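Heads up: the structure comes next, in structure tokens.
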Amino acid sequence: MSLRFSTMTAALMALGLIGMGGAAQAGPTLDAVKARGQLVCGVNTGLAGFSNPDSQGKWTGLDVDVCRAVAAAVLGDANKVRYTPLSAQQRLTALQAGEIDILSRNTTWSLTRDAQGLDFAPVTYYDGQGFMVNKSLGVTSAKQLDGATVCVQPGTTTELNLADYFRANNMSFKPVVIEALDEVNAAFFAGRCDVLTTDVSGLAGIRATVATKPDDFLILPEVVSKEPLAPVVRHGDDQWRDIVRWTVYALVEAEEKGVTSANADEKLKSADPGVQRLLGAQGDLGKLLGLEPQWSHRAVKQVGNYGEIFERNLGKSTPLKLERGLNALWLNGGLMYAPPFR
Amino acid sequence: MSAPPRNRLNPNDPRVRALLWQALVLGLVALGTWYLASNTMANVARLGVASGYGFLGREAGFQIGETLVAYGPQDPYARAFLVGVLNTLKVAGIGIVLATILGTVVGIARLSRNFLVNRLAAGYVEALRNVPLLLQLFLWYGVLTEGLPGPRQALEPLPGLFLSNRGLKLPGPADDPTWSWVAAAFGLGVLLALAATAWNKGRQARTGKRLPLLPITLGLLLGLPGLVMLAFGGAALDMPVLKGFNFQGGVTLTPELAALLFGLVTYTAAFIAEIVRSGIQAVGHGQTEAALALGLSRGRVLRLVVLPQALRVIIPPTTSQFLNLTKNSSLAVAIGYPDFVSVANTTINQTGQAVEGVAAIMAVFLAVSLSLSALMNWYNRRIALVDR
């Protein structure tokens, strides 16, 4: 690649054209983010609980909070984020093309995606695909959906799982595939489809925010896929991947150690060496990542630990009313587990 | 007196200079293309993205809502692409025919001497061509899905015809050999009608007399298949029946296709109407007066004198409108019609091979547009004035 580029450079120089060429490779993402003073974060165009602009245009949600935590860790300020709303089809191309530094947009971790020039940070939400129907159809199980019309967004693992599930159960269906999330939801609530399918968390969010009568709609009990949703970065910038990965782990570790946004300052003086290392009061974990020692302290203080983020965006007090379930700490029977901070 | 021998590489010779500049510009363009292409390939390789069209043979895994050929999720991407191309061609083909008919009618109506008719036509043109097409598609799709009842409360304006937010369901031909005989009879009817038209033309040239052609053609086109059907004692129909979630059987016009066709046809027809109007007005008024003076009726003046001359003005810009309609059909992705762009976008997202996917989209539209353009140019040459 370097050879190819240098022959090109030579050829261009011969023509006196050098200076117009766009560099083939941007510098490491961390330098770019620091120089810009802003993290560019790809988010969903609007999904309650994950990334959703409120009435003042301020973004909220679990995916948004992950970006805020990374911005706090890297730049010291959780508000130094520019959000780029992306459709399901645009998101991976936008990341590969370098338009965004991090994609935090309820994206499922799969082998194909991991192998095609992307790297996944730890899972921030363990989800699964489900089906929502109008109660008036009298359907109580996904096994009764033979012949149904299904509204689905294109280019998602959802579309593949849908086809797999109906094939495995020897049932037929008609997909209505619409790119924009708003339009898919509108088509479903207008009755164009019998079934709306996406991740269960998404269905809960859509039911809570889009349906005029949320009680008229039923999320069927079958969960037909594993959807580990994780932030994504470009393959090849290992330092940046480590930063995103360990920022997410820091949020989980903080919950495990009882560090919250409210007590982060006093926990700096905690007697527990584990807490001290986590918050950077002791050791040089931040420096190893190329960050300042207070990186994780800032993230937790400004954004909160994983448990706080979950409850604020998805938990019992929100319209989504989701249980922690698989997303509880490993100590409580869930899957949230951070490797040691040492 | 002969010209002095020219120095072939003399830079003061304007022709040599022009060639030099052209060679330089061509070289720069080629170099720029090479730079972009090699840079893209290097970047793609660095990111570890696969390249090439090897994925076409792999299982697609997704379902497509509307298909002209048999397709299932177990079929390869290549077949999904074929389904997408056929869906694009279907919309473009039907759309071009309908837009031409509607555009011609509206264009002629704009020139009507009836105040109401020409004002209505003008209002249609101005309203439709000044609103973005995407908005019109959303409007038609919204009307069809929000405005119509669900399948269990479907409207039944005629027996066997159901209108619901799942689309228009019509009885279709059932699996019955009679239908192939009916189709054969229709084919024969078309051939006989063409022969009758040619014979009538020759007869008119010889004797100046004309037969009433319309009843003859209609009789051949409808009567022959009808007689065959009677002879076989009727053909079985596949009636749509409400079963489970939706109607099964029959023929379906989905809301997606209907909204897309309706939007494309009404929008493009507004432009074609203006082209038809300008084409007719480009024919000198003396032509009309002369034809009227010969005693031709107004309808025949239009059909035999004005339109053949107007077509020479109409065809080239109409070709552009046909191409626009074909390309605008890619807006289908917004309202869920599975055209080629929609299928290719899904493929890009699943394989990560955006460069190949976008190249395929461009190649398909280029091929369709160039073929259409070639066809229209051939027709344009055929109707052009022949110098004698």
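The values are calculated or read from the model by the stated rules, or taken from the named source; none is laboratory data. Small disclaimer: the values here were computed from a predicted structure and weren't measured. Positions of Cβ are generated from backbone atoms using ideal geometry, with glycine treated the same way; all protein chains shown enter the neighbour counts. Keep in mind that these areas ignore ligands, DNA and RNA; they rest on the heavy atoms of the full protein, side chains included. Shrake-Rupley method; radii C 1.70, N 1.55, O 1.52, S 1.80 Å.
Sequence-ordered 3J(HN,Hα) estimates for the range B:211-216 from the Karplus curve with 6.51, -1.76 and 1.60 and θ = phi - 60° stand at 8, x, 6, 4, x, 5 Hz, glycine and proline given as x. Shape class of the range A:103-167 from the alpha-carbon gyration tensor: prolate, with a/c at 1.5 or above and a/b greater than b/c. Across peptide A:170-178, the average count of Cβ atoms from other chains found within 10 Å of a residue's Cβ is 6.
Springs between alpha-carbon atoms under 10 Å, Gaussian network over chain B: tell me which of B:189, B:93, B:84 tops the mean-square fluctuations. Comparing B:189, B:93, B:84 in a Gaussian network model of chain B, the most mobile one is B:189. Springs between Cα atoms under 10 Å define the GNM used for chain A, and in it the highest mean-square fluctuation of A:287, A:301, A:213 occurs at A:213. Note on chain B: helix-only mean residue ellipticity at 222 nm, from DSSP H runs of 4+ residues weighted -39500 (n - 2.57) and normalised by residue number, equals -21500 deg cm²/dmol. Using only C-alpha atoms and all pairs of different ones, pull out the Kirkwood radius for the protein assembly as shown in Å with one decimal. The answer is 30.7 Å. Among the listed pairs A:80/A:226; A:213/B:327; A:174/B:327; A:135/B:169, which are separated by more than 29 Å between their Cα atoms? Where the Cα-Cα span goes over 29 Å, the pairs concerned are A:80/A:226; A:213/B:327. Across peptide A:112-122, how many C-beta atoms of other chains are within 10 Å of each residue C-beta, on average? Neighbouring Cβ atoms belonging to other protein chains average 3 per residue here.
Distances between placed amide hydrogens fall under 5 Å for residue A:131 paired with A:220, all partners being 5 or more residues away or on another chain. Under a 5 Å amide H cut-off, with hydrogens placed 1.01 Å from N, residue A:59 pairs with A:54 among residues at least 5 apart or on other chains.
Of the residues A:140, A:225, A:187, the one whose Cα sits farthest towards the positive end of the charge dipole of the range A:127-226 is A:140 (charges of +1 on Lys and Arg Cβ, -1 on Asp and Glu Cβ, taken about the Cα centre). When Lys and Arg each count +1 and Asp and Glu each count -1, what net charge do the other residues less than 14 Å away from residue A:92, Cβ to Cβ, add up to? Combined, the nearby Lys, Arg, Asp and Glu give +1.
Look at the Cα gyration tensor of the range A:127-226: its axes a ≥ b ≥ c give a/c under 1.5, and that counts as rounded. For the protein assembly as shown, the solvent-accessible area of protein heavy atoms averages 48 Å² per residue (probe radius 1.4 Å; ligands and nucleic acids excluded).
In summary, the convex hull built on the alpha carbon positions of the range B:185-241 has an orientation-averaged projected area of 5.0 nm².
Ligands, DNA and RNA excluded, the heavy atoms of residue B:285 present near 130 Å² of accessible surface to a 1.4 Å solvent probe. For residue B:17, the accessible area of its heavy atoms, probed at 1.4 Å with every protein chain present, is near 110 square angstrom.
Of the candidates A:203, A:289, A:251, which one comes out as most mobile in a Gaussian network treatment of chain A with C-alpha springs shorter than 10 Å? In the Gaussian network model the winner is A:289. Distance from the C-alpha centroid of the range A:165-195 to that of the range A:258-314: 43 Å, rounded to the whole angstrom. Amide H contacts for residue A:118 (H built 1.01 Å from N in the peptide plane; partners 5 or more residues away or on another chain; cut-off under 5 Å): A:235. Across peptide A:180-192, the average count of Cβ atoms from other chains found within 10 Å of a residue's Cβ is 5. Tell me the carbon and sulfur percent of the accessible area for the protein assembly as shown, rounded to whole percent, probe radius 1.4 Å. Exposed carbon and sulfur together represent 62 percent of the surface. What's the buried accessible area, both sides, between A and B using a 1.4 Å probe, rounded to 100 Å²? That pair hides around 4000 Å² of surface in total. For chain A, rounded, prolate or oblate, judged on the Cα gyration tensor with a ≥ b ≥ c (square roots of eigenvalues), a/c < 1.5 rounded, else prolate if a/b > b/c? Oblate, because a/c is 1.5 or more while a/b does not exceed b/c.
Taking Cα atoms only, the orientation of helix A:62-75 departs from the longest principal axis of chain A by about 0 degrees. Residue B:229 sits with roughly 60 Å² accessible to a 1.4 Å probe, with DNA, RNA and ligands left out of the calculation.
Among complete DSSP H helices in chain B, those whose alpha-carbon atoms stretch at least 18 Å along the helix's long axis and whose mean Kyte-Doolittle hydropathy reaches 0.0 are B:14-46, B:77-110, B:115-129, B:133-147, B:178-207, B:255-281, B:307-328, B:354-383. A loss of 50 Å² or more of accessible area (1.4 Å probe, protein heavy atoms, ligands and nucleic acids excluded) relative to the isolated chain is seen in these residues of the range B:337-366: B:349, B:350. Rounded to the nearest Hz, the phi-derived 3J(HN,Hα) couplings of the range A:172-183 under the Karplus curve 6.51 cos²θ - 1.76 cosθ + 1.60 (θ = phi - 60°) are 10, 7, 10, x, 10, 9, 10, 5, 7, 4, 4, 6, where x marks glycine and proline.
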